[in-house]
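*Asks:* I have a structure I would like to understand better, so I am pasting it below and will then ask my questions one at a time.
The values are calculated or read from the model by the stated rules, or taken from the named source; none is laboratory data. Owing to the predicted nature of the structure, the values given are computational and were not obtained by experimental measurement. Cβ sites come from the backbone with ideal geometry, for glycine too, and all protein chains shown count toward neighbours. Only protein heavy atoms, including side chains, enter the accessible area calculation; ligands, DNA and RNA are left aside. Shrake-Rupley method; radii C 1.70, N 1.55, O 1.52, S 1.80 Å.
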Amino acid sequence: GAAAYRLRWALRGSALAVRLEVRTRGYVGFGLSASGGMASADIVVGGVKRGQPYLQDYFTDENRVLKKDPQQDYHLEYAMENGTHTILAFSRELHTCDTNDRSITESTVRVIWAYHHTDLAETGQNYHGATRGTKSLRLLNPEREEAFSASLPYFDLTNRDVPVPDKDTTYWCQMFKIPLQQQKHHVTKVEPLIQKGHENLVHHILLYQCSSSLNNSVLDYGHECYHPNMPDAFLTCETVIFAWAIGGEGFTYPPHVGLSLGTAADPQFVLMEVHYDNPSYTEGLIDNSGLRLIYTPVLRKYDAGVIEAGLWVSLFHNIPPGMPEFVSEGHCTQECLTEALGAERPAGIHVFAVLLHAHLAGRAIRLRHFHRGEEQKLLAYDEEFDFNFQEFQYLKEERTILPGDHLITECHYSTVDRIRMTWGGLSTRNEMCLSYLLYYPRINLTRCASIPDIMEQLHFIGVKEIYRPVRQVQTWPFIIKSPRQYKNLSFTDAMNKFKWSPSEGLSYNDLVLKLPVNVRCSKTDNAEWSIQGMTALPPTIERPYRTEPVTCSSSSGSHCSLLFTLLFVAYLPASTMANLGLPV
C-alpha cells in the first residue's frame, strides 16, 4: 500500500531541511540514534493540535527516558493537518553546539521514525504507544541527478523464481553472462529492480566481476552464497562492481565515465548476490528481483575501473573475542601503487566513489590516504557502519591517486558478544576490511591489499615450533609442534585455545598494527604484479586518526523559507509497520 510515513530531506547550506508526510492526525516523531534503538537518541516531535502547530526538540538518555532539550535546535517552517495526514517541515543545523544533538555527517545514520493517533500530551506519557521503526540512511550522500534520455537501451539481471527460505537471513547467488558482446558499450546507470511487495524482503544486492575463463555451464542455477556446496566458479567472483542497499537509489556514473562492457578486457561473467531479510520467517516467498543496467553505444571519455583495497581475506586477519574495540588495518602499499601506476598511468588515477565493506562485527571504517608520507584528508569514512546498508559513497570531489601514494583501510570492530576468535573469511560471521574504489581511467590493477605476518601472531600466543605436514590436510598451512599445550593443533585451534582477556586483546592489537605485511598486488584474472609476495613495513602513522574539527552553529541562525526542492525520498510501506516495532 501507500507509505504511511514519508520522509524527504535536502541539504540547505549548513542545515538539513526535512519534510514529513504521515498518515495520522496525532503527533509525528523523527530522530537520529546511534543504535537504531530509542536510547541516547536525538528526537523531534511535532504536529497540529486544535489548529495550533507545535514542534519540540527532545532527547533520550541511555535508559530511553524522554527529556525536553533545553536548547531547541529544530525550527518549524510549516505544519498542516487534513482529514488523514499531518505534514511538517522543519530544519536543523548539521552541527549544533548542543551535546544532546547528534551531528549529521557523511556517516550512516539510524533514522528513527514514529507516529501516534493522538497529539503529544504535555507530559509526553503517550510517547511509548507509538508505531515506530528505524532505517539506516546516508543523509549527506549526494544523489547524482542526470538527464537521461528514456530511450537508452538496457538489460536486466534478475533472479528467476528464487524460493526464499523461511529463515532470518539468506544470501542468494546467481551467475550471469553479460549479453553485450562484439562491440564496446558504456553502462551509465545501474538501477535496482525490486519485485513489487518485496521492498522489505530484498535487503541488499551486490554485483561481482568473475573470472572470464569460465564457460556457460556456470549459468544454469543459483545457489546460497558462502555455502559449503556452492559451485567453485563463485569463488572466482571477488571484485564488487556495483552495490545497492535498502533505502538506496540507483548508481549513476559521472558524465565523463562509463562501465565498459563488450570487449575482451571487460567482465564477461558476473555474480549477483541478493541478501534476503525475512525476520518473520514467512514461508512460500518467491522472488524475481535484480538489477537493470542502462547502457549506451555512444562512448564516454573514460572507462571506469574498480580496485579492491584493504586486508586480504584470510585467517591471517583475526580478531580476539570479547573486545569492545579492535582495530584492523589493510594496506594498499606504496610499493604496489608505484609499480602498477608507474607502468600504466604515471599521471595517476581519479577516484570518484568508494564502498566501505566489513561484516557483522564492523562498527566504523575509514579510508586514509598518504601522499609522499603526508596524510591527506580522509578519502571516505563511515563512523556508524551498518552492515545492512552498503552503498557506494560519491566523493564530494574526485581524488587523484599517484604512484608512491599509500592507502590504509582502517576497520573498527566489536566482538563483546563473541566467545571465540573471529576470522577473516567470506561468511557474515567472518570478517572483512575492504574499500572498493571506483576510478578512471581503468588500469590493470584489481586488488591492492596486504596480509599481516603470521609468525609474530603465533609467537604472541606462545607457539615455539611448527611443521608443515607432508599431505596438505585441513590444518592449512601448518601444524604446531610445541609447546605441549598446542601440540598437533592448527593455527585456528591454538588461537581459540589461548585465554584471551581484554588486556591481552589490546596488546595483540598493538602488535598486529606494527607487523610487516605481505604485499598483494593483482591484475585481472589472477595475474600478478612483480611486487606481489614481497614484505613491506607499514608506514608510521598517527593513531588514532585525528578527525577534522567541525564548526557548529547554535540555534539562533537565520532561517530562510522552505523554497527548495526536496531531492531525497524514503518511505516505509504500511505493510511493514507491525514488524518494525522497537523495544520500548
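*Asks:* Of the conditions (1) of a type outside the set (Lys, Arg); (2) under 30 Å from HIS186 (Cβ atoms); (3) crowded, with 16+ Cβ neighbours inside 10 Å, SER490 clears all except one; give me its number.
*Replies:* (2)
*Asks:* Can you list the strands (runs of 3 or more DSSP E) lying wholly within region 216-290 that have 3 or more residues being crowded, with 21+ Cβ neighbours inside 10 Å?
*Replies:* Details: elements: 239-245, 257-261, 269-277, 285-287.
Ranges flagged: 239-245, 257-261, 269-277.
*Asks:* Quick check on my filter: what residues within region 437-471 are open to solvent by less than 20 Å² (accessible area, probe 1.4 Å) and among the hydroxyl-bearing types (Ser, Thr, Tyr)?
*Replies:* Matches in region 437-471: TYR439, TYR440, SER450.
*Asks:* Give all pairs with beta carbons closer than 7 Å in which a residue from region 91-107 that is in the same structural domain as ALA39 (by the TED database) and within 22 Å of ALA364 (Cα to Cα) meets a residue that is open to solvent by 40 Å² or more (accessible area, probe 1.4 Å) and outside any loop (DSSP other than H, G, I, E, B); count only pairs at least 6 apart in sequence or on separate chains.
*Replies:* If the second residue must be open to solvent by 40 Å² or more (accessible area, probe 1.4 Å) and outside any loop (DSSP other than H, G, I, E, B), the pairs left are GLU106/TYR381; SER107/TYR381.
*Asks:* Find the residue count for region 533-544, including only residues that are part of a loop (DSSP other than H, G, I, E, B), open to solvent by less than 50 Å² (accessible area, probe 1.4 Å) and in contact (Cβ under 8 Å) with a residue 60 or more places away in the chain.
*Replies:* Of the residues in that region, 3 qualify.
*Asks:* Do we have LEU311 as open to solvent by less than 40 Å² (accessible area, probe 1.4 Å) and more than 30 Å from ILE454 (Cα to Cα) here?
*Replies:* Values: open to solvent by less than 40 Å² (accessible area, probe 1.4 Å): yes; more than 30 Å from ILE454 (Cα to Cα): no.
Here the answer is no, as LEU311 does not meet what is asked.
*Asks:* Shifting gears a bit: Inside region 111-130, can you point out the residues that are modelled with pLDDT of 85 or more and either open to solvent by 30 Å² or more (accessible area, probe 1.4 Å) or outside the structural domain of TYR58 (by the TED database) (or both)?
*Replies:* Matches in region 111-130: TYR115, HIS117, THR118, ASP119.
*Asks:* Any chance region 36-44 includes a residue that's part of a strand (DSSP E or B), in contact with a strand residue (DSSP E or B) (Cβ under 8 Å, 6 or more places away or on another chain) and open to solvent by 50 Å² or more (accessible area, probe 1.4 Å)?
*Replies:* no
*Asks:* Output the residue which, of all residues in region 12-35 that are more than 23 Å from the chain's Cα centre (by Cα) and part of a loop (DSSP other than H, G, I, E, B), is surrounded by the most Cβ atoms within 10 Å (Cβ to Cβ).
*Replies:* In this case the residue turns out to be TYR27.
*Asks:* When region 321-378 is examined, which residues are found to be open to solvent by less than 10 Å² (accessible area, probe 1.4 Å) and over 24 Å from the mean Cα position of the chain (by Cα)?
*Replies:* Correct list: CYS336, LEU337, ALA340, LEU341, GLY348.
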